[in-house]
């Protein structure tokens with residue numbers, strides 16, 4: 001009996017050790033991040049089912065600028081910017097007789113343009129919700145708005161029977177945006193002071209001319225400016241073109257100097273996960289020694305990438321040529337806008353960038369924050385918007401800033 005008890009006890013110890021080893025392997029498999037550097041941001045917002053990431057990310061960027069400059073937290077209205085921008089984009093599309101796309105997307109520069117030309121308002125002055133009181137009620141509003149507005153604009157811009165436009169077509173479109181998003185406030189009171197959108201923007205003290213767009217492609221000369229050829233850069237924002245290494249230096253220097261950046265990126269890859277991770281797995285060279293080889297049989301490259309994004313993995317080494325090829329062959333697309341605000345390390349010492357998204361706090365493992373690897377940042381960055389003082393001095397000199 002004693003012998004049986006000893007054997008049973010030994011088996012229990014072995015099972016316990018096995019369970020601990022399995023638990024250890026699972027913990028190692030996941031990501032463990034330690035913050036290296038972080039700049040102040042405002043709360044994570046939820047753009048819901050709207051194509052307004054460009055407004056949310058850049059408004060968040062401006063809110064961080066106000067934190068940096070004043071130490072005060074502001075909540076600015078995204079829909080004030082969206083309404084103005086879409087009205088301007090409609091006018092552009094009509095001038096082009098429909099040979100341009102009327103879509104709800106935009107760029108970081110659209111927000112800066114709005115700040116400079118139309119001013120700004122706080123969220124409470126134009127919340128942008130004209131239907132329903134709960135999140136569930138508001139879900140279909142932007143989908144409906146986009147369809148109605150697109151039909152209206154294309155009905156004018158692409159109508160070959162029209163030989164002359166009436167002077168009121170813009171009033172009709174503005175009425176649509178007013179119905180869904182609310183009217184622009186002419187006057188409003190904020191902290192017991194009455195403002196107009198322009199006087200409020202003046203009070204904030206942000207200089208639109210302090211902000212510049214940066215990109216990195218070889219089909220235009222470096223250290224010059226060009227309008228990046230993506231659909232949502234319809235205002236033809238002139239971006240400064242720098243080598244990839246300088247682009248990364250700008251990002252790092254900005255964060256270490258207390259600045260955030262608005263980030264335009266391609267997130268259509270399997271390496272950008274809903275769990276809050278952005279990596280570029282090297283599925284050909286990933287060491288799977290000791291793994292269940294049968295598990296990989298029959299998996300597509302995207303399925304393999306998803307498997308590899310469950311924890312730290314080998315990544316591709318990104319070059320300037322790879323960036324250019326991906327842009328030219330449509331592999332890199334103009335997908336999403338977010339805000340870069342910090343750096344971190346995983347358990348293996350690999351560097352990541354901390355990025356604030358606008359998908360709410362429940363759509364990542366990190367309460368709305370994404371951890372983006374250096375490789376992903378190098379490969380999938382389309383453009384960044386940054387304060388010119390956040391750019392290293394030698395690069396500023398080459399750009400004439």
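Return the FRET efficiency for the residue pair residue 49, residue 365: r is the Cβ-Cβ distance, R0 is 22 Å, and the value is rounded to the nearest 0.05. Please list the in-between numbers first.
Numbers: r = 22 Å, r/R0 = 1.00.
After rounding, the FRET efficiency stands at 0.50.
What is segment 322-388 by shape, rounded, prolate or oblate, if you read a ≥ b ≥ c off the alpha carbon gyration tensor as root eigenvalues and call it rounded for a/c under 1.5, prolate for a/b larger than b/c, and oblate otherwise? Kindly include the intermediate steps, with their values, before the conclusion.
Numbers: a/c = 1.70, a/b = 1.39, b/c = 1.22.
Cα axes put segment 322-388 in the prolate bin.
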Footprinting proxy, 280, 148, 111: sorted fewest to most Cβ within 10 Å, the residues are 148, 280, 111
Contour minus Cα-Cα distance for residue 317 and residue 101 (0.36 nm per residue): 74.2 nm
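Mind sorting 88, 210, 99 by how few other Cβ atoms lie within 10 Å of their own Cβ, fewest first? Intermediate results must be reported in sequence, preceding the final value.
On the way: 88 18, 210 13, 99 9.
Sorted ascending by nearby Cβ count, the order is 99, 210, 88.
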Run the quick spin-label model on residue 238 and residue 175: label points 7 Å from Cα toward the beta carbon, then report their separation in nm to one decimal. 4.0 nm
Using a basic spin-label model with each label point 7 Å from the Cα along Cα→Cβ, how many nm lie between residue 161 and residue 194? 4.8 nm
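What ranking do 226, 56 get, fewest neighbouring Cβ atoms within 10 angstrom at the top?
Numbers: 226 16, 56 25.
So the ranking, lowest neighbour count to highest, is 226, 56.
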Using alpha-carbon positions, the gyration tensor of segment 149-225 gives root eigenvalues a ≥ b ≥ c; with a/c under 1.5 called rounded, otherwise prolate if a/b exceeds b/c, else oblate, the class is oblate
Computed label-point distance, nm, for sites residue 393 and residue 330 using a 7 Å Cα→Cβ extension: 4.7 nm
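Since every read-out is calculated from the coordinates, none of them should be taken as a lab result. Computed from a prediction, not measured in an experiment: that's the story for all the values here. Reconstructed Cβ throughout: ideal geometry from the backbone, glycine too, with neighbour counts over all protein chains shown.
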